[in-house]
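Below is one structure, written out as structure tokens; comments come after it.
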Amino acid sequence: MRIAITFIACALIWGSTFLAIRFGNEATPPVWAATIRLTLASVLLFGIAAAFRMRLPRGKALRGAALWGLFNLGVNLSLLYVGEQTVPSGISAVLFATVPLTTALLAAGFHVEALVTRKLVAAIVAIGGVAVIFAGELGVSVPFAGLLTVFGAASAAALANVLLKQAPKQQVIPLNAIGTAVGAAVCLVVSVALGESHAIPVTTAAWIPILYLTIAGSLGAFVLFTWLVTHWSVTNASLLGVTVPIIAVILGGLVKGEQPAALTYVGAAIVISAVLIALRAPRPQHLRAAAAAEAD
């Protein structure tokens, strides 16, 4: 029961973060909002690390944490926040469902993990699904640049996963403390480059999305997911990548009245099906051998 509750809580939090970003963009310049969110999260994480006397990463571990923060939080969130100014939250979440597949391709390219045929086929199918989504959303006047920006954000997150895999293993709280600090610095530079206003938010409408994304998104879901992985199989836990887009699409329709094009639903189904294929655990060796013997 606890595993089911934790899975649902993670899915609801991460499924709602895309909608929270859309709301935040209406009250605060997008990348400036990401900067504030990451700064608050970093302060909290450094505080937790200090309270529990956790050692901060050094050497190669520090480099890995910094690169992870650069791409997963700096580049990813900068692009995502900007992209969601024009792209519906549900569609953004569906595009992010491609992260596991892009990660598999990049991991093979960086010689981190071998690319199995099943994942390669799934990645090709998912790319086709993304193309269908682009065609559907372009038909309802969602800018191509916005869709490409969100897809770029998802690709940056995938690259961050691979770079982190190359780094030495380390405690997750110090890792995230360093990562959020680097991400906040990157977002600030991007915000300045975009010429955004840097006034501190003063309205409730501006602060609620920022605080929700900081506490629930950057801290709460992270802790829940860590617990889930330690008490459940990682393959089952990774099904969040399929569940989150569905929740995001539903919330976007109920709360913001987002209505994706009919063709977009087809593309979303293709992407989610591809992810399910990629995440399907291979049969154990003895079962494959038995199946082969039976076929003979």
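Some points to look at:
- Candidates Ser197, Ser191, Ser218: the one that is within 19 Å of Arg22 (Cα to Cα), among the polar types (S, T, N, Q) and modelled with pLDDT under 95 is Ser218.
- Residues of the stretch 178-186 include none that is assigned to a loop (DSSP other than H, G, I, E, B), more than 16 Å from the chain's Cα centre (by Cα) and either buried (at least 22 other Cβ atoms within 10 Å of the Cβ) or modelled with pLDDT of 95 or more (or both).
- Among the criteria (1) more than 30 Å from Val140 (Cβ to Cβ); (2) loosely packed, with under 15 Cβ neighbours inside 10 Å; (3) at pLDDT 75 or above, the one Ala291 does not fulfil is (3).
- Residue match in the stretch 2-11 (condition: at pLDDT below 95 and either basic (Lys, Arg) or buried (at least 24 other Cβ atoms within 10 Å of the Cβ) (or both)): yes
- Here is the figure for the stretch 207-231: residues that are among the small types (Gly, Ala, Ser) and surrounded by fewer than 19 Cβ atoms within 10 Å (Cβ to Cβ) total 1.
- Ala27 vs. criteria over 16 Å from the mean Cα position of the chain (by Cα), outside any helix (DSSP H, G or I) and closer than 21 Å to Ala184 by Cβ: yes
- The residue that is nearest to Thr17 (Cα to Cα), among those in the stretch 55-78 that are surrounded by fewer than 24 Cβ atoms within 10 Å (Cβ to Cβ) and among the aliphatic types (A, V, I, L, M), is Val75.
- Options Gly136, Gly90: the member that is over 29 Å from Arg37 (Cβ atoms), touching a Phe, Trp or Tyr at 6+ places or on another chain (Cβ under 9 Å) and assigned to a helix (DSSP H, G or I): Gly136
- Residue within the stretch 109-118 that is at negative phi, surrounded by fewer than 24 Cβ atoms within 10 Å (Cβ to Cβ), among the hydrophobic types (A, V, I, L, M, F, W, C) and assigned to a helix (DSSP H, G or I) present: no
- Residue-level check: of (1) of a type outside the set (Lys, Arg); (2) touching a Phe, Trp or Tyr at 6+ places or on another chain (Cβ under 8 Å); (3) farther than 25 Å from Ala27 by Cβ; (4) surrounded by fewer than 21 Cβ atoms within 10 Å (Cβ to Cβ), Ser197 misses just (3).
- Qualifying residue in the stretch 224-247 (condition: assigned to a helix (DSSP H, G or I), at pLDDT 80 or above and among the small types (Gly, Ala, Ser)): no
- Residue list for the stretch 58-87, filter: in a helix (DSSP H, G or I) and hydroxyl-bearing (Ser, Thr, Tyr): Ser78, Tyr81
- Which listed residue, of Ile91, Ile124, Ile133, is surrounded by 24 or more Cβ atoms within 10 Å (Cβ to Cβ) and farther than 25 Å from Ile210 by Cβ: Ile133
- Here Gly253, Gly267 are screened, and the one residue that is out of contact with any Gly (no Cβ under 6 Å at 6 or more places or on another chain), assigned to a helix (DSSP H, G or I) and either surrounded by 21 or more Cβ atoms within 10 Å (Cβ to Cβ) or touching a residue at least 60 places away in the same chain (Cβ under 8 Å) (or both) is Gly253.
The values are calculated or read from the model by the stated rules, or taken from the named source; none is laboratory data. Because the structure is predicted, anything quoted here is derived from the model rather than measured. Positions of Cβ are backbone-derived with ideal geometry, glycine not excepted, and every protein chain shown enters the neighbour counts.
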